Amino acid sequence: MSMFSFNLKCPHCSCLEYFKIHRIENYHSREPAQTEPQYNANIPRNPKDNRPAQSYGTANCPRVNCGGPVLIWFESIHFSFRDHGRSLNSTEWIYNGPPPKVLGVWPTPPCADDSEHWPDRLRTVFTEVQEDISLNRDPSRIVGTCRSILEVALASLGYDKSKGKVLSDRIDAARNDGLLTEAMRAWAHKTRMDGNDALHELNSSRQEAIELVNFIRTFLEITFDLPKRILDLSSVTD
Ligand SMILES: [Zn+2]
C-alpha cells in the first residue's frame, strides 16, 4: 500500500479522485545543500529528519473508465520519503504523518472558463455545464441549462420581463437595440428553441450541447467582458 495519495481532479476525465503514487523517483532536500543535497528514496535516514523534501511520482486515475496516467510533483518531509519506501514493501506499515503537498500535476487539469465580470447568478452553473461536457454527461440537461443561462444573462443586461413577455421577444429587443449582432440573435434563438426541446423531449445530442456551450461562452465574453476591458484600457491610456 502506498502512503502517498492525493485528492486531485483528473486531467483526463475531470473527476475528483484519490491518486495513489505507485513509485517515487529520487528526491532532494535543499537544506543544508552543501552537505547532502541528494538522497535516494531507498536509503534509510534519520527518522527525526523533518526537513522539507520534494519529489515526483506517477499514478493512474482509479476511475474504471479512465485509468489515465498522471505525473505529480509534491513536497513532504524528509523521513516520510523513507517510510514511503517501507510502506511500499510491507503491508504492516501505515503512514499517519502530515499529508504531502502537491506542487504541480502533469498534464494540467482543464479549467472551466469563468469571469468576475459575469453575473454571479450564472457563474457557478456555467462552470458546471462546462464540466458536464468534459465528463460526457447527459446533453439534454446541458442544452436546457444553456437556455436558462441565456435568459439570466439577458435579464442582467436589462432584457427582463419588462422588455418582453417571452424570451423570444427579449432576444429580438436586444437585437433591435444593437446589443446582439444578427448572428448572435440567430444563435440566441437556436439556444432558446433547442433548450425548450431539450427540457420537453430529452433528445439533445452531445454535439449540440458543445455548440451551445461555446455560443454561451462567446456571448458572455462579448456582452460582459469586452465592455469592461475597454473601460479598463481607457482608464489606463487617459
Ligand atoms: Zn480520470
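Of all the residues in segment 211-238, those that are farther than 16 Å from THR127 by Cβ and surrounded by 14 or more Cβ atoms within 10 Å (Cβ to Cβ) number 4. Against the conditions (1) part of a strand (DSSP E or B); (2) farther than 14 Å from PRO109 by Cα; (3) at pLDDT 90 or above, PRO62 satisfies every one except (1).
Conditions tested, residue by residue: (1) of a type in the set (Val, Ile, Thr); (2) part of a helix (DSSP H, G or I); (3) at pLDDT below 75.
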residue	(1), (2), (3)
ASP83	no, yes, yes
LEU88	no, yes, yes
ILE94	yes, no, yes
PRO98	no, no, yes
PRO109	no, no, no
SER115	no, no, no
VAL125	yes, yes, no
ILE133	yes, yes, no
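For first residues located in segment 63-78 and over 16 Å from SER134 (Cβ atoms) and without any contact (Cβ under 8 Å) to a residue 60 or more places away in the chain, partners that are within 16 Å of the ligand (Cβ to nearest atom) and not hydroxyl-bearing (Ser, Thr, Tyr) and lie 6+ apart or on another chain with Cβ distances below 7 Å form the pairs GLY67/ASN60; GLY67/CYS61; PRO69/ASN60; LEU71/TRP106. Taken as a whole, segment 17-34 holds at least one residue that is within 16 Å of the ligand (Cβ to nearest atom), in a loop (DSSP other than H, G, I, E, B), loosely packed, with under 14 Cβ neighbours inside 10 Å and modelled with pLDDT of 75 or more.
Anything in segment 160-190 that is β-branched (Val, Ile, Thr) and over 21 Å from ALA209 (Cβ atoms)? List them, or say none. Of everything in segment 160-190, those that are β-branched (Val, Ile, Thr) and over 21 Å from ALA209 (Cβ atoms) turn out to be VAL166, THR181.
The values are calculated or read from the model by the stated rules, or taken from the named source; none is laboratory data. In this text the structure is predicted, and so the values were computed from the model without any measurement. Cβ: placed from backbone, ideal geometry, glycine included. Neighbour counts: every protein chain shown.
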